[in-house]
Amino acid sequence: MTSFNDPKVAAAYQALPEDTRAGAMALRELIFETAATLPQALPLQEDLRWGQPAYLTPKGSTIRLGGHKAACFALYVHCQSRLMGDFTTAFPGEDRIDGNRAVLFDEPNQIDATRHGWLIARALTYHL
């Protein structure tokens, strides 16, 4: 598990309900693993945006993690980007999607390293 550099981010994870936290932490690890394979996207910054853990790179688009009213947890991308459209074109019908802004999850075992790693990589390198 990747350690926290910012106590505010660690506190934001601790404040999540246990099931939401487990899923968000699994996505967090996938973000760090994916970023490590993309030297052109580094450095990866972990911060809070709208009170949620957020992941940013110099040439990327922000990824946020958190709860969702229709799911246990979600991976959010910028709603005005083409990220979600590209994702649903590449992987049609494989995930529950909230419009053009989020992939919805009910359990951590729904996270697919290949499919969701693809979306994460696209977000981290969005402006390259």
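A few remarks follow.
- Positive end of the dipole of the chain (Cβ unit charges, origin at the Cα centre): among Val103, Gln40, Ala121, the Cα lying farthest that way belongs to Gln40.
- Choice from Glu94, Glu107, Glu33 showing the highest fluctuation, given a GNM over the chain with Cα pairs closer than 10 Å: Glu94
- Candidates Leu38, Leu65, Leu83: whichever shows maximal mean-square fluctuation once the chain is modelled as a Gaussian network with Cα springs under 10 Å: Leu38
- The trypsin sites (Lys or Arg not before Pro) found in region 55-128 that occupy coil by DSSP, while having at most 11 further C-beta atoms within 10 Å, are Lys69.
- When only Cα pairs below 8 angstrom with a gap of at least 6 residues are kept, the chain shows a relative contact order of 26 percent.
- Sequentially through region 29-40, phi angles give Karplus couplings (6.51, -1.76, 1.60; θ = phi - 60°) of 4, 5, 4, 5, 5, 5, 4, 5, 8, 10, x, 5 Hz, Gly and Pro residues having no value and appearing as x.
- At 1.567 mPa s and 4 °C, Stokes D of region 7-124 from Kirkwood alpha-carbon radius, µm² per second: 92 µm²/s
- Phi angles across region 50-56 convert, under the Karplus curve 6.51 cos²θ - 1.76 cosθ + 1.60 with θ = phi - 60°, into 3J(HN,Hα) values of 6, x, 10, x, 9, 10, 9 Hz, Gly and Pro given as x.
Just so you know, all these numbers are worked out from the coordinates, no wet-lab data involved. Note that this is a predicted model, so its numbers are computed, not measured. Quick reminder, even Gly has a Cβ in these numbers, built from the backbone with ideal geometry, and neighbours come from all protein chains shown.
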